[in-house]
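What follows is a single structure, written as structure tokens, with notes after it.
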Amino acid sequence: MELKPEIKNETQAPTNEFIIEDENNYKYKISLELKENKAIISLINSGIYNIYKYQCIITLELLKQKSDKFVLIKTLENFRNFFYEKLKNKEIKLISKDNIKILELPFEIFCEKEMINFQLEKINIEKEDLLEKICNELNQLREKYEKIEEENIKLKNDIEEMKIKYEKVNNELIFKEQYPIFDNIKQYDFIIKILGERLNRKISHLQKIYQATVDGDTTAKFHSKVDGHSNTLIIIKSTNDKIFGAFTSLAYHSLNGQYYYDSNAFIFSLTNLEIYEVNKKEHSVWIGSSYSVLFGSGHDIWLQDKCLSNSQNYSVQTCYNYKGKSNALTGGSYFTTKDYIVYQVLFE
């Protein structure tokens, strides 16, 4: 029965490129090439400058001289595969000594382990080989640089995208804090555009002067905050999440109440993004101490005292033009208010 060392018998040369370090942690590229019944072990430092190459030429006769155990290796192909297997497992040791390199290769058989040394001599590298190596190294560096540049561009794009998303979210949070009655910025932009066009003035912003859920929902609380203010925008949110309201350019007061004509008054639905013009202009808006919000006789919008708990708030289409739509504001004649806010429109 023939005993064989633990080696691979593949005839195809390994394609792996190996790096080996000496005791000083200097790195070298190592390879084994088969050429004319010889195995050439080559060692070359992996930097661009100060390039040195070391070689050792091996034959089957030399292997047998090194150790009688190598008699079990029948071909140089066997030795090459055995050599690369040891490299892969990091079992080969590299020792630097003056101008030579020594490879210590472990060889084990019959449970006996022996270290076989191969001495690699320093050789001159032809200028053409050196130039080719430098070019190859530069090409590799350029490829790495281009890859880093691609990753850097992608990273910059990702950062910009994150900034845009952050600014959008941050703006939405700021907007929601300043204008909690709106569902979204689109509704705000819609009403600002309508106000600017109707009043023929550039709008600066909306300044909150009253909020029912904060200041109290009685008629008296409304007048204590809103009286004396003109150009008021009233936005109401019902418990079925309809958002609507009205605008008047007239100033509120707490004197005896009556209906007033206001050429600038209109009713709107932010849910539908529509405005509704007044038909009976003499009944544009009621102003007086008896009621808080009252537009149109009949009434188009009427908020009762304690409107947040009162289900008798009223909306019947009488004095404004709703373009043929029924229940355009709340979906019905009666509604309960979730909240409402009065803003004063400020101009630039």
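Structure summary
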{"item": "Filter result for S249 (within 25 Å of D183 (Cβ to Cβ) and in the same structural domain as K221 (by TED's automatic domain parsing))", "result": "no"}
{"item": "Segments classed as strands (runs of 3 or more DSSP E), wholly inside segment 168-251, with at least 2 members that are closer than 19 Å to S284 by Cα", "result": "232-238, 243-248"}
{"item": "Selection count where residues are more than 17 Å from K323 (Cα to Cα), part of a loop (DSSP other than H, G, I, E, B) and either in contact with a helix residue (DSSP H, G or I) (Cβ under 8 Å, 6 or more places away or on another chain) or at pLDDT 95 or above (or both), scope segment 254-272", "result": "5"}
{"item": "Search result, residues across segment 74-105 that are in contact with a helix residue (DSSP H, G or I) (Cβ under 7 Å, 6 or more places away or on another chain) and more than 14 Å from I58 (Cα to Cα)", "result": "I92"}
{"item": "Search result, residues across segment 66-106 that are part of a strand (DSSP E or B) and either of a type in the set (A, V, I, L, M, F, W, C) or touching a Pro at 6+ places or on another chain (Cβ under 6 Å) (or both)", "result": "L94, I95, I100, I102, L103, L105"}
{"item": "Checklist (1) among the charged types (D, E, K, R); (2) within 27 Å of S224 (Cβ to Cβ); (3) not in a loop (DSSP other than H, G, I, E, B) applied to E277, failing item", "result": "(2)"}
{"item": "Hits in segment 192-224 (condition: farther than 21 Å from F347 by Cβ and either of a type in the set (S, T, Y) or touching a Phe, Trp or Tyr at 6+ places or on another chain (Cβ under 9 Å) (or both))", "result": "Q211, A212, T213, D215, G216, D217, T218, T219, K221, F222, H223, S224"}
{"item": "Where a residue in segment 255-266 is charged (D, E, K, R) and its partner, wherever it lies, is surrounded by fewer than 16 Cβ atoms within 10 Å (Cβ to Cβ), with Cβ under 9 Å and at least six apart", "result": "D262/K281"}
{"item": "Residue match in segment 238-248 (condition: at pLDDT 95 or above and over 46 Å from the mean Cα position of the chain (by Cα))", "result": "no"}
{"item": "Inter-residue pairs, beta-carbon under 8 Å, first surrounded by 10 or more Cβ atoms within 10 Å (Cβ to Cβ) and in segment 20-38, second of a type in the set (D, E), 6+ apart", "result": "K27/E21; Y28/E21; Y28/D22; K29/E17; S31/E17; L34/E77"}
{"item": "Qualifying residue in segment 303-310 (condition: in contact with a strand residue (DSSP E or B) (Cβ under 6 Å, 6 or more places away or on another chain), closer than 30 Å to Q178 by Cβ, in contact (Cβ under 8 Å) with a residue 12 or more places away in the chain and not in a loop (DSSP other than H, G, I, E, B))", "result": "no"}
{"item": "Qualifying residue in segment 269-282 (condition: in contact with a strand residue (DSSP E or B) (Cβ under 9 Å, 6 or more places away or on another chain), among the basic types (K, R) and over 22 Å from F190 (Cα atoms))", "result": "yes"}
{"item": "Flag for E77 being at pLDDT 85 or above and acidic (D, E)", "result": "yes"}
{"item": "Some residue of segment 218-234 being touching a strand residue (DSSP E or B) at 6+ places or on another chain (Cβ under 7 Å), modelled with pLDDT of 95 or more, of a type in the set (G, A, S) and assigned by TED's automatic domain parsing to the domain that holds L273", "result": "no"}
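For (1) within 24 Å of L141 (Cβ to Cβ); (2) touching a Lys or Arg at 6+ places or on another chain (Cβ under 9 Å); (3) at pLDDT below 85, each residue gets a yes or a no:
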| position | (1), (2), (3) |
| --- | --- |
| E10 | no, no, yes |
| E17 | yes, yes, yes |
| E33 | no, yes, no |
| E36 | no, no, no |
| I41 | no, no, no |
| I51 | yes, yes, yes |
| D68 | no, no, yes |
| V71 | no, yes, yes |
| F83 | no, no, no |
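Yes/no per residue for (1) more than 17 Å from Y28 (Cα to Cα); (2) of a type in the set (A, V, I, L, M):
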position: L72; (1), (2): yes, yes
position: I92; (1), (2): no, yes
position: L120; (1), (2): no, yes
position: E146; (1), (2): yes, no
position: D158; (1), (2): yes, no
position: K163; (1), (2): yes, no
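The values are calculated or read from the model by the stated rules, or taken from the named source; none is laboratory data. The structure presented is a predicted model; accordingly, all values stated were derived computationally and were not measured. Neighbour counts are summed over all protein chains in view; Cβ atoms, including those assigned to glycine, are modelled from backbone coordinates with ideal geometry.
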